[in-house]
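Just so you know, all these numbers are worked out from the coordinates, no wet-lab data involved. From a predicted model like this one, the values you see are computed outputs, not experimental measurements. Neighbour counts are summed over all protein chains in view; Cβ atoms, including those assigned to glycine, are modelled from backbone coordinates with ideal geometry.
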Amino acid sequence: MNDTISARAGGPLLDIRDLVVELPGPDGTPLRALDGVNLTVERGEIVGLAGESGSGKTMTALALLGLLPQGGTARGEMRVEGRDVLSMTPRQVRDLRGNKVAMVFQDPMTSLHPMLSVGKQLTEHLRHHKKLGKKAANARAAELLATVRIPDPEQALKRYPHQFSGGMRQRIAIAVALACDPDLLLADEPTTALDVTVQAGILRLLDRLRRENGLSVLIITHDLGVMSALADRVSVMYAGRIAETGPRAEVLRTPRHPYTRGLLDALPHPGAGTTALLPIPGSPPKLGLAPSGCAFHPRCPFAVDACAGDRPELLPLTEAHATACPVDPLADRTSPETETTEAGAR
Amino acid sequence: MNATPDASLVLRDLTVSYHSPGRPAVRAVAGVDLRVEPGQVVGLVGESGCGKSTLGKAAVGLLKPASGSVEFAGAPVTPLGLKPRPPAQRGLQMVFQDPYASLNPRRKIGEQISDAVVLSGGTRADGRALARELLDRVGLSAEFAERFPHEFSGGQRQRIAIARVLAADPSCIVADEPIAALDASAQASIANLLLDLARERGVGLLFISHDLSIVRQIADTVAVMYLGTVVESGPTDQVWDDPRHPYSRALISAVPRADGNGELPQDLPGDVPDPAFPPSGCRFHPRCPIAVDACADAEPEPTEFLPGRRAACSVLAPALLKIG
């Protein structure tokens, strides 16, 4: 009932609310991998999900596809076009995967089958999900390869993944993901394994697919440069929660969460010369061992005693920009850790 | 600076070839001149397959050059064989990309670090004492000496690998993608650790990486490699702010910047060609936006157009020399 109402209201394509994911620990007790994640993706929008490894970025995507590790459970709401994925039957989730939502992984060599020709991998989807005949499927497969700019698509269909370079393989993986015209593409570190020149090509391809085909993309990356190039909105995750979310320019230029600020400060700065980099001290908490209060407080240069007490909620600063930290890291108090960066940037 | 001024690593017209049956020899490094002086950080950048790892391996004697020479501290670097290397060459050490593969999983890390001391004639007890000291120096606890590699994270393992290298008291370190396998925050701290070695101990560092922004941050000079040749080299700031060779330009403008501007990085069409069949003339000409017909004929020589700055481009050469 609710489903039809929100679908008609033309809500976001993807709407995740209070998503909690628990994975079984070594002794069987559930450990929280995601702890109340909210995320939306509108039609034709590119949303970036940032954070260090282990922050829950990939887990969010896997939960959406019903691909959690063995024994993992998800609670909350995950709506695609208003339909709640968590209340779907396994069969319905399988139809969702591929037809509505598709995923591209970091390493195309492990997501493509090494023993099957590219054509076989593409037409399999088309024949199974779209019920196309052999000829029609082949024609469509060649068209898909042309879309992702693989030279000589007809010939490419007969070749095997190892015969292509890393960048070309990732283009083929994207073509496989696009085979059933999904509305939403989940791209998990799609360019991390690639050279910058090849990465630029893939980023341009994703942007073109959004402009020309209205594709929505959730791009998961730890690279804030990639985020800045491609995403309209950015959410930063830490220890299974959203630390900060907002429009790309606001989050990257005026970060309001110390963690976002730390990630940006850890990047090499143009003009800084041969100075040391400023990593965030320490490492993210291990699964199930998140500290009390704000999970970031042991690593935070702005932390006060109260940070170990109550867990800060994600509160709006403006209509679109929200942060889960009551302290403003850009306020008029320079921490010792940030002085060098600012001096270098001038 | 405690290293002697002549402890430089010098590559002269270095060529390294790979041979496989039924295929022409692949010249992975095709005539490179490079110099790493004590206390200097030299960044070597380029796309995968450009030959930068091959160059690194030849520089420490893990591969035999087909022609040209590698010299360290005034003596030729002999390719590693069954015999131990000459003691003079122990000052030249290498840090590998994958700390999971470069440490022995079945030996305690303290023992692995102390090997260098035993090899150079010291006692195991001396070695153990040094291992504890070095673990502390690379930012780990001395207590860790009794543990095995699997007990550590990737960043910690790379610190252990660096401690092991330091046990040989090196004056030059070749680091091949030392941070590529690590998490973003661990990347910065390992890069800082290597930079400190150069700054504080006067160790020369050849830092091989495909990550231009890290190289930009820590290297004094940078060499840009394409398909086995160095197309441009010079002081890092100058090359970064004002790259001249069309390939360096393309490479640098492909790096996305986290400035929130939403600008897509520039694309460089085409792939790196198969090094077994390199294009004739200038190896970059099929992908080059400013190539002319003559580029397919003659291989351009590196031209020094400003002190310390070289570029190998025959189209630009006349203009470069005039501006320079």
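Based on the alpha-carbon set only, what is the convex hull volume of the stretch B:95-178 divided per residue, in Å³? Don't skip to the end; give the middle numbers.
Values: hull volume 7.0 nm³, N = 84.
It is 84 Å³ per residue.
With the cut-off at 21 Å, tell me which of the pairs B:LYS57/B:LYS83; A:LYS135/A:LYS158; A:LYS134/A:LYS158; A:LYS100/A:LYS131; B:LYS57/B:LYS108 have Cα atoms farther apart than that.
B:LYS57/B:LYS108
What number, in percent, do you get for the relative contact order of chain A if the mean sequence gap of Cα pairs under 8 Å and at least 6 apart is divided by its residue count?
19
Could you work out the equivalent-ellipsoid semi-axes for the stretch B:152-236, taking the square root of 5 times each eigenvalue of the Cα gyration tensor, largest first, in whole Å?
For the stretch B:152-236, the ellipsoid semi-axes come out as 22, 16, 12 Å.
Please report the Cα spread of the stretch A:158-230 along all three principal axes, rounded to whole Å, starting with the longest.
For the stretch A:158-230, the Cα spread along each principal axis is 34, 28, 18 Å.
With a 10 Å Cβ neighbour count serving as the proxy for reagent exposure, in which order, fewest first, do A:GLU244, A:GLU124, B:GLU301 appear? Don't skip to the end; give the middle numbers.
Numbers: A:GLU244 26, A:GLU124 16, B:GLU301 11.
Starting with the residue having the fewest Cβ neighbours, the order is B:GLU301, A:GLU124, A:GLU244.
Taking only the C-alpha atoms, wrap a convex hull around the stretch B:205-247 and report its volume per residue in Å³ as a whole number.
Output value, Cα hull per residue: 74 Å³.
Averaging over every viewing direction, what projected area does the convex hull of the Cα atoms of chain B cover, in nm²?
18.4
The stretch B:282-324 to the stretch A:169-239: how many Å between their Cα centroids?
If you average the Cα positions of each part, the centres end up 35 Å apart.
log₁₀ I(q)/I(0) of the stretch A:44-142 at q = 0.18 Å⁻¹, via Debye over equal Cα point scatterers, no solvent, to two decimals?
-1.08
Would you kindly give the portion of the calculated P(r) for the stretch B:41-92 that falls above 12 Å, as a percent of all Cα pairs?
Distances greater than 12 Å cover 67 percent of the Cα pairs.
Let me check I have the definition right: for the stretch B:243-296, take the eigenvalues of the Cα gyration tensor, multiply each by 5, take square roots. What are those semi-axes in whole Å, largest first?
Working: eigenvalues 142, 30, 14 Å².
Sorted largest first and rounded, they come to 27, 12, 8 Å.
By how many nm would the segment from A:ASN99 to A:THR29 grow when fully extended, if each residue of separation counts as 0.36 nm and the alpha-carbon distance is taken off?
Details: separation 70, 0.36 × 70 = 25.20 nm, distance 3.51 nm.
That works out to 21.7 nm of additional length.
Round to the nearest 10 and give me the degree value, 0 to 90, for the angle of helix A:118-129's Cα axis relative to the longest principal axis of chain A.
Here the helix axis deviates by roughly 90 degrees.
Suppose we look only past 22 Å in the calculated P(r) of the stretch B:84-233. What percent of the Cα-Cα pairs does that tail hold? Walk me through the numbers before you get to the answer.
Values: 4441 of 11175 pairs.
It works out to 40 percent of all Cα pairs.
State the dimensionless ratio Rg/Rh of the stretch B:1-110 (Rg: radius of gyration of Cα atoms; Rh: Kirkwood radius).
0.99
Could you grab the Rg to Rh ratio for the stretch A:154-279? Cα atoms only, Kirkwood for Rh.
Numbers: Rg = 16.9 Å, Rh = 16.5 Å.
Taking Rh as the inverse mean 1/r over Cα pairs, Rg/Rh reads 1.03.
For chain A, compute Rg over Rh where Rg is the Cα radius of gyration and Rh is the Kirkwood radius from the inverse mean 1/r over Cα pairs. If you can, show how the numbers build up before the last one.
Details: Rg = 21.3 Å, Rh = 21.5 Å.
Radius of gyration over Kirkwood radius for chain A works out to 0.99.
Of B:PRO275, B:PRO79, B:PRO21, which is the most mobile in a GNM of chain B whose springs link Cα atoms less than 10 angstrom apart?
Among B:PRO275, B:PRO79, B:PRO21, the largest mean-square fluctuation in the Gaussian network model of chain B belongs to B:PRO21.
How high is the relative contact order of the stretch B:148-205, in percent, with contacts defined as C-alpha pairs under 8 Å that are six or more residues apart?
40
State the extension gain, in nm to one decimal, for the chain segment bounded by B:SER48 and B:SER120, taking 0.36 nm per residue of separation less the distance between their alpha-carbons.
Extra length available between B:SER48 and B:SER120 comes to 22.3 nm.
Can you tell me which aspartates and glutamates have their Cα less than 13 Å from the Cα of A:LYS57? Leave out same-chain residues fewer than eight positions away.
A:ASP35, A:ASP188, A:GLU189, A:ASP223
If I take R0 = 25 Å and measure r between the Cβ atoms of B:ILE290 and B:ASP242 in this structure, what FRET efficiency does the formula 1/(1 + (r/R0)^6) give, to the nearest 0.05?
Calculated value: 0.95.
DSSP H helices in chain B with Cα extent of 15 Å or more along the helix axis and mean Kyte-Doolittle hydropathy at least -1.0? Before the final figure, lay out each step's value.
Numbers: long enough: B:109-119 (16 Å, 1.03); B:124-137 (19 Å, -0.86); B:154-166 (18 Å, -0.05); B:184-201 (25 Å, 0.23).
Result, helices passing both filters: B:109-119, B:124-137, B:154-166, B:184-201.
I need to check one value: relative contact order of chain B, counting alpha carbon pairs closer than 8 Å and at least 6 residues apart, in percent.
Dividing the mean separation by the residue count of chain B yields 20 percent.
Can you divide the C-alpha Rg of the protein assembly as shown by 2.2 N^0.38 Å and report the result to two decimal places?
1.01
Using a Förster distance of 45 angstrom, determine the FRET efficiency expected from the C-beta separation of A:THR73 and B:GLU304, and round it to 0.05.
Values: r = 65 Å, r/R0 = 1.45.
Between A:THR73 and B:GLU304 the formula returns 0.10.
Would you calculate the separation in nanometres between label points at B:PHE148 and A:ASP305, each defined as 7 Å from the Cα along the Cα-to-beta-carbon direction?
4.5
If I model a spin label at B:THR15 and A:THR254 as a point 7 Å from the Cα along the Cα→Cβ vector, what separation in nanometres do I get?
Output for this residue pair reads 6.1 nm.
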